[in-house]
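Data block below; observations after.
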Amino acid sequence: MPLPDSSLTSKFQSTLRLVPWLVLLAGLAVTFMVYRSNQTDTRRALETEFAHRVNQLSGSIEVRLRGYEQVLRGAAGLFAASVSVERHEFRDYVAALNLEKHYPGIQGVGYARLVRPHDLATHVAAIRKEGFPDYAVRPDGERETYTPVIYIEPFSGRNLRAFGYDMFSEPVRRAALERARDEGNTAISGKLKLLQEIDRDVQAGFIMYLPVYRNGLPHATPAERR
């Protein structure tokens, strides 16, 4: 009976010893592929969820901004239908909106009047006669054009800080004002610190503008709107 070749036996035994390692390596490879596959699926699921939430947030912001725009368009309609909107009429309009309930993101609704330098003294005197003896256009200084806030509602608390403020004196506000004026549409300012904010718990905000043109004058082109 022939005996097995010792060299063949040794090779066979060596091969047998490699089998567990090969199985282990194969198992690790399969585990790694499954892990990578799960990782990819998880990442895709997270990306999909993130995109969904971004779309939801974007839609919510868009709806809210459209609501804010309608508030301004209503105010613009008030001025378009009247020769002169009195302070109490503007107050009644804003009060009817119930900002706190229906537009909680709005700090206040205001109206700024365009004032030329030669009309500044007359303007200040007229507002003071309404019962505001300390009224002044702020900040002080000579400028080519002034746009002081003369109506601001609710006319209380922090909103009083905006009364008389010349928005043309500040670059971010001025840029948005000019864009709204020239385009004849709403314009939103860049991020800024609202006048209503105090030194504690300061939050960034923005202002939405809508131009109100003088009744009876053409405003079809940017030149006419100016």
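In the set 45, 112, 29, 95, only one residue is more than 30 Å from residue 137 (Cβ to Cβ) and modelled with pLDDT of 70 or more; that residue is 45.
Could you count how many residues in region 69-99 are surrounded by 15 or more Cβ atoms within 10 Å (Cβ to Cβ), among the acidic types (Asp, Glu) and closer than 18 Å to residue 155 by Cβ? Of the residues in region 69-99, 0 are surrounded by 15 or more Cβ atoms within 10 Å (Cβ to Cβ), among the acidic types (Asp, Glu) and closer than 18 Å to residue 155 by Cβ. Within region 173-186, residues that are closer than 14 Å to residue 146 by Cα and among the hydrophobic types (A, V, I, L, M, F, W, C) sit with their Cβ atoms under 6 Å from residues that are at pLDDT 95 or above and not in a helix (DSSP H, G or I), at 6+ positions apart or across chains, in these pairs: 177/209. Here residue 100 clears all of (1) under 24 Å from residue 181 (Cα atoms); (2) in a helix (DSSP H, G or I) except the condition numbered (1).
Of all residues in region 156-172, those that are in contact (Cβ under 8 Å) with a residue 12 or more places away in the chain have Cβ atoms under 6 Å from Cβ atoms of residues that are among the small types (Gly, Ala, Ser) and in a strand (DSSP E or B), 6 or more apart or on another chain, in 167/112. Just to be sure before I move on: is residue 144 surrounded by fewer than 19 Cβ atoms within 10 Å (Cβ to Cβ) and under 30 Å from residue 218 (Cβ atoms) in the structure I sent? Spelling it out, residue 144 is indeed surrounded by fewer than 19 Cβ atoms within 10 Å (Cβ to Cβ) and under 30 Å from residue 218 (Cβ atoms).
The values are calculated or read from the model by the stated rules, or taken from the named source; none is laboratory data. The shown structure was predicted, so the numbers you read here are calculated from the model rather than taken from an experiment. Using ideal geometry, Cβ is built from the backbone for each residue, glycine included, and neighbour counts are taken over all protein chains shown.
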